[in-house]
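Each value in this text was obtained by applying a stated rule to the coordinates, not by laboratory testing. From a predicted model like this one, the values you see are computed outputs, not experimental measurements. Glycine also receives a Cβ, built like all others from the backbone with ideal geometry; neighbour counts cover every protein chain displayed.
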Amino acid sequence: ADKDRRLSRAEYATAREENEKRAVQDAATTARVREALSAARGIPTTAISVETFEGEVHLSGFVPAPDLASRAGRITAGVSGVRMVHNNLVVRQR
């Protein structure tokens, strides 16, 4: 904050608090995304990994059809707290 390129104890404490707050918000966003995907019919949630960092959600895993991958991305984008979706779902036929 004082631009001396060194963290004082107060600056360190503030940065750590902000980091912990972000981690809690990201965990809550991840939980909301998982809940929304679970509520949707036909989406294989056990094959989808959801990770969130600073409101950006990364979806990875496998789905059996292309429409399910795009649907999962649209559902995720509609969840509160999601700023951006990185949809890396791969279509793999069973």
With springs only between Cα atoms under 10 Å, which of Glu54, Glu17, Glu35 fluctuates most in a Gaussian network model of the chain?
Glu17
Build a GNM of the chain with springs between Cα atoms under 10 Å: which of Ala72, Ala23, Ala39 gets the top mean-square fluctuation?
Ala39
Would you mind calculating the relative contact order of the chain from Cα pairs under 8 angstrom and at least 6 residues apart, reporting the percent as a whole number?
26
Crossing angle, helix 66-77 versus the chain [Cα axis fit, 0-90 degrees, rounded to tens]:
30
Between helix 9-39 and the chain: long-axis angle, C-alpha atoms, 0 to 90°, nearest 10:
10
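To the nearest 0.05, what FRET efficiency results for Met84 and Glu35 with a Förster distance of 25 Å applied to their C-beta separation?
Using R0 = 25 Å, I get an efficiency of 0.85.
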Per DSSP H run of at least 4 residues, take -39500 (n - 2.57); add these up for the chain, divide by its residues and hand me the 222 nm value, nearest 500 deg cm²/dmol.
-16000 deg cm²/dmol
